[in-house]
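Encoded as structure tokens, the structure appears first; notes follow it.
Read-outs: derived from the displayed coordinates by stated rules, not from any lab. Keep in mind the model is a prediction, meaning the values are calculated, not measured. Backbone-built Cβ (ideal geometry, glycine too); neighbour counts: all protein chains shown.
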Amino acid sequence: MTAARRQLHLAAHFPGVNSTTVWADPRSRSQIDFSSFEHLARTAERGLFDFFFLAEGLRLREHRGLIHDLDVVGRPESITVLNALAAVTDRLGLAATVNTTFNEPYELARRLASLDHLSGGRAAWNVVTSSDAFTGENFRRGGHLDRADRYTRAAEFVRTARGLWDSWPPDGTPRRFARHGRHFTVEGEFTVPRSPQGHPVVIQAGDSDEGREFAASTADVVFSRHTAPEAARAFYADVKARLARHGRARDELRIMPGASVVIGDTDAEAQEKAAEIRLQQVSPQNAILALELVWGRDLSSYDPDGPLPAVDPAPCPDPDSGPVRGRVRVADPLAVAAEWRALSEAKGLSIRQTVVETSGRQSFIGTPAGVAAALDTYVRTEAADGFVLVPHLTPGGLDDFVDRVVPLLQERGAFRTSYAGTTLRSHLGLAEPVWEG
Amino acid sequence: MPATRPLHLAVALDGPAQYDPAYYVALARLAERGALDFVTLGDCFARPGLDALAVLARVAPATERIGLVPTVTTTHTEPFHVSTAVATLDWVSRGRAGWAIGISTTEAEASLFGRRPAAPADALWREAGEVADVVARLWDSWEDDAEIRDTSTGRFIDRGKLHHVDFRGGTFSVRGPSTVPRPPQGRPVVVVDGTAGVCREPAARYADVVLVRAGAPEQAAALREDIRRRAAAHGRDPDTLRVLVALAVDLGVGEAAPEPGLAAGPPLAGGGPHFSGGPVELAQLIAEWHSCGAVDGFRLAPIAPHRDLERIVNGTVALLQHRSLFRTFHPGGTLREHLGLARPASRYAPTTRTPASTQAGGAV
């Protein structure tokens, strides 16, 4: 026998508020009814996925002072949905994205520990930060947090949460907890006993140097955006190499890029489906919007099937000050515009075609066998430990993958055929944190 | 006439802290079998126990009809988070959510957050009223038909039906609109304990259900009348309020208790009068207080949840049902329907704008 084969980890992203969800498809259902969450979670559990992942938004996107109306708008609050999903699933991990900027550590640590108890050890927290005055208008602390403070606050937030989770010994009574940090002063007794998997799993998604360092120091899973093979391998090598500096082994962190999958009976059919999906994602209206985000001005009179504007974009007033252009931060509009022009001229692309070309995310497109082989290759060549799949349809977007690709991954020995344990940590092959009370 | 008003019954699931969801699921199912209006679950940041809203979200898919009313406190939380969490409980329960408004007065709770010192109850209830106001505005901030999925124009929503709430209170401001579409009940049911003088006013102004503590029907009737009068002064129709007597019950003594009525026993959690006796006597008390028009119903807090809830459902409720004083099933699906409360229209929907809705708050 050879040594145990590296196996894939899979997670499911609920398609909600983003420009990848194709809401106009007749198969698209509610993004808010519980039945949609239940369907996708049950599908993921049927496929033996590690976890189910929910994103977060704390303010509706706006563009030129108006609420964005072209993509899916509106979603329920993550932790509450996951607590409900704990009732209709048995093994699936339940991951909530929750911001450290507009929450307080005591309250959030308690909510996450509650989810861990109520799900029997399946909770995960995707730690995100914001420096965003726009979102801040919905919260007591209000506007701006310096960009430099985002990660120091986040790191202190996670340390405080872990401290609270550790303040109740595995078999004992709670100890008094006290932390006086730069961002938080927390004193008292935690109300929740140590949870079934010790600590909820911590996920992190940032990609900057600080983000990578933060992940290497404290995260259990990295939700990365690098899926192009070379970039993925470079990211993987970089982040895994950082672990040793923090006294951690390479296997204490799982790297899982977000990816979408399109399958067909033949490669050609899959490619055709993928092209159709891209066009649905980039509607004519969305193409103009994407252009306005770069150009920083009203381009509604332009024809999405015509050429790019001849005028240059307005310079960006302050690249660090949050989503100055509504949804995305465009640090250097002139450079982006120049790149898009070059591409458009070289290939003779319209506005819409240019946006399709430049905004595409890495996808696995092909036959079920081809996709299974490609996913497996990523894991065998250390480009990823697994993937967070981002379907484009709610809630049936993973049905085909689970029915057609998962069995092939299992045949290859690249994926589990049953859950070995009951907690998310056990699915991920991560040890329970040692109690450090 | 008073006697024809439907009787409303709820139970508190409070008790020693439990960490296994099966405990709460079993109790909520039992209460549901009794066709009770709702269950409540208290919460406090400084007392052992899980997050109450989380527990009832876990219970939601395991039940079908019963209303689910967690306490969510307003002192150290973000009003925006409170609004989205309660709205989401309404989504995952398909219209069965309520929100019992709580405040945090102690230094022990304040030091867990380290953001603000402990404050007196009157100031915190003033703030809680503002939170109730902005939360309701956030629930209204999406009109019901805001999602249009109009493929001809490529628009998913009609942005004209989403509204910034632009709320400025004494200690916070919220721009809005909500990130969660309008919940199934329009506004989940707001519950306030109006026993103490300081919460009477926010209760009359913002609550759908007001809990009172009373040792005699006359006292309950007077409290109910006071709350209804205050509600009317805020431009509300008092018939859109339900006043329930919050009563701790100890049914452990069974048939040994000779007198139906309230016993002056040792103080129970939460203080106030409590009932000690058998299920039959409890049914008699409920029937008497309700039939004389003193109350709209009761929120019973069993001192031993498993034992007493079983006796309430199989004894007290069964008897009330037998006498046709209480429903035998939930005719509707939502908590508002159980309580006989209409689903409110969004205050921002142009055709329903009324003087009452424009004067109801501190928004600028």
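Using Cβ counts within 10 Å as a stand-in for footprinting exposure, how do B:Trp125, A:Trp125 rank, fewest first?
Details: B:Trp125 24, A:Trp125 28.
Fewest to most other Cβ atoms nearby, the residues stand as B:Trp125, A:Trp125.
So how strong a dipole does chain B carry about its Cα centre when Lys and Arg Cβ are +1 and Asp and Glu Cβ are -1, to the nearest 20 debye? Don't skip to the answer; put the middle values down first.
On the way: 38 positive and 40 negative charges, 163 e Å.
Result for chain B is approximately 780 debye, rounded to the nearest 20.
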Go through A:72-83, B:213-224, A:51-62 and give me the packing order, highest mean Cβ count within 10 Å leading. A:72-83, A:51-62, B:213-224
With contacts defined as alpha carbon pairs under 8 Å and 6 or more residues apart, what's the relative contact order of chain A in percent? 24 percent
Computed over the Cα atoms of the protein assembly as shown, what is the convex hull's projected area averaged over all directions, in nm²? 35.4 nm²
Kirkwood hydrodynamic radius of region B:75-169 from all distinct Cα pairs, in Å? 15.5 Å
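Given 25 °C and 0.890 mPa s, how large is the Stokes-Einstein diffusion coefficient of region B:306-353 in µm²/s, with Rh as the Kirkwood radius over Cα pairs?
Working: Rh = 13.5 Å.
Estimated via Stokes-Einstein, D reaches 182 µm²/s.
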What does the charge dipole of region A:219-264 about its Cα centre add up to, to the nearest 20 debye, if the Cβ of each Lys and Arg holds +1 and the Cβ of each Asp and Glu holds -1? 120 debye
If you average 1/r across every pair of different Cα atoms in region A:128-287 and take the reciprocal, what Kirkwood value do you get, in Å? 19.2 Å
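Counting helices only, and only those DSSP H runs with n ≥ 4, report the 222 nm mean residue ellipticity of the protein assembly as shown as the sum of -39,500 (n - 2.57) divided by its residues, in deg cm²/dmol to the nearest 500.
Mean residue ellipticity, 222 nm, calculated: -11000 deg cm²/dmol.
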For a quick check, take a GNM of chain A with Cα springs below 10 Å and name the residue from A:Arg179, A:Arg42, A:Arg212 with the largest mean-square fluctuation. A:Arg179
Checking the cross-link filter: which aspartates and glutamates have an alpha carbon closer than 16 Å to that of A:Lys240, excluding same-chain neighbours under 8 positions apart? A:Asp207, A:Asp209, A:Glu210, A:Glu213, A:Asp220, A:Glu230, A:Asp251, A:Glu252, A:Glu382, A:Asp385
Selection from A:Ala374, A:Gly360, A:Gly386, by position along the positive dipole direction of region A:331-388 (Cβ): A:Gly360
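Output the antiparallel fraction of DSSP beta bridges having both residues in the protein assembly as shown, as a percent to the nearest 5.
Working: 14 of 81 bridges.
If I count the DSSP bridges inside the protein assembly as shown, around 15 percent turn out antiparallel.
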Using the count of nearby Cβ atoms within 10 Å as a rough guide to exposure, how do A:Lys240, A:Lys273, A:Lys347 rank from fewest to most? A:Lys347, A:Lys273, A:Lys240
For labels at B:Arg29 and A:Thr173 in the simple 7 Å Cα→Cβ model, what's the distance in nm? 3.5 nm
Top positive-direction residue, dipole computed over region B:63-121 with Cβ charges, set B:Val69, B:Leu112, B:Gly95: B:Gly95
With x for Gly and Pro, the residue-by-residue ³J(HN,Hα) of region B:301-312, computed from phi through the Karplus equation 6.51 cos²θ - 1.76 cosθ + 1.60 at θ = phi - 60° and given in whole Hz, is 10, x, 6, 10, x, 4, 5, 6, 5, 4, 5, 5
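Determine, for each peptide in B:239-246, B:44-51, the mean count of other beta carbons within 10 angstrom over its residues, then list the peptides with the highest first.
Numbers: B:239-246: 21.9, B:44-51: 20.4.
Final packing ranking: B:239-246, B:44-51.
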How far apart, in nm, are two points set 7 Å out from the Cα along the Cα-to-Cβ line at B:Asp166 and at A:Ala346? 4.8 nm
Degrees separating the helix B:197-206 axis from the principal Cα axis of chain B, which is the longest one: 50 degrees
Enter the mean projected area of the convex hull around the alpha-carbon atoms of region A:241-318, in nm², rounded to one decimal. 10.3 nm²
Within 10 Å of the Cβ of an average residue in A:128-140, the count of other chain Cβ atoms is 4
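For chain A, build the convex hull from the C-alpha positions and give me its volume per residue in Å³. Display every interim value, and only then the final one.
Working: hull volume 65.7 nm³, N = 437.
Per-residue hull volume (Cα only) is 150 Å³.
Using only C-alpha positions, report the orientation-averaged shadow area of the convex hull of region A:105-215, nm², one decimal. Write down the numbers at each step before the final one.
Numbers: hull surface 29.8 nm².
With the hull built on Cα positions only, its mean projection is 7.4 nm².
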Please report the base-10 log of the normalised intensity I(q)/I(0) for region A:221-276, using a Debye sum with one equal scatterer per alpha carbon and no solvent, at each q in 0.18 (1/Å). -0.68
From phi via Karplus (6.51, -1.76, 1.60), per-residue ³J(HN,Hα) for region B:165-179 in Hz, x at Gly/Pro: 8, 6, 8, 10, x, x, 10, 7, 9, 9, 7, x, x, 5, 8
Classify region B:119-250 from the C-alpha gyration tensor, please: rounded if a/c falls under 1.5, else prolate or oblate depending on whether a/b exceeds b/c. prolate
Can you pull the mean other chain C-beta count within 10 Å for peptide B:76-84? 6
How many angstrom lie between the C-alpha centres of region B:98-144 and region A:154-195? 24 Å
To the nearest 0.05, the calculated FRET efficiency linking A:Ala241 and B:Asn314 through their beta-carbon distance, R0 being 56 Å, is 0.30
7 Å from Cα along Cα→Cβ at both A:Asp149 and B:His306: what's the point-to-point distance in nm? 5.0 nm
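Applying 1/(1 + (r/R0)^6) with R0 = 56 Å to the Cβ-Cβ distance of B:Ala232 and A:Trp435, what FRET efficiency is obtained, to the nearest 0.05? Don't skip to the end; give the middle numbers.
On the way: r = 57 Å, r/R0 = 1.03.
The calculated FRET efficiency here is 0.45.
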Can you list residues whose amide H is under 5 Å from B:Arg299's amide H, if they're 5+ apart or on another chain and H is modeled 1.01 Å from N? B:Ala10, B:Val245, B:Ala246, B:Leu247
Suppose the Debye formula is applied to equal point scatterers at every Cα of chain B; what is log10 I(q)/I(0) at q = 0.10, 0.12, 0.14, 0.15 Å⁻¹? -0.60, -0.88, -1.19, -1.36
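Rounding to the nearest 20 debye, state how big the charge dipole of the protein assembly as shown is about its Cα centre with +1 on each Lys and Arg Cβ and -1 on each Asp and Glu Cβ. Please report the intermediate quantities before stating the final value.
Numbers: 88 positive and 97 negative charges, 84 e Å.
The calculated dipole for the protein assembly as shown is roughly 400 debye.
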How much space per residue, in cubic angstrom, does the convex hull of the C-alpha atoms of region A:1-150 take up? 171 Å³
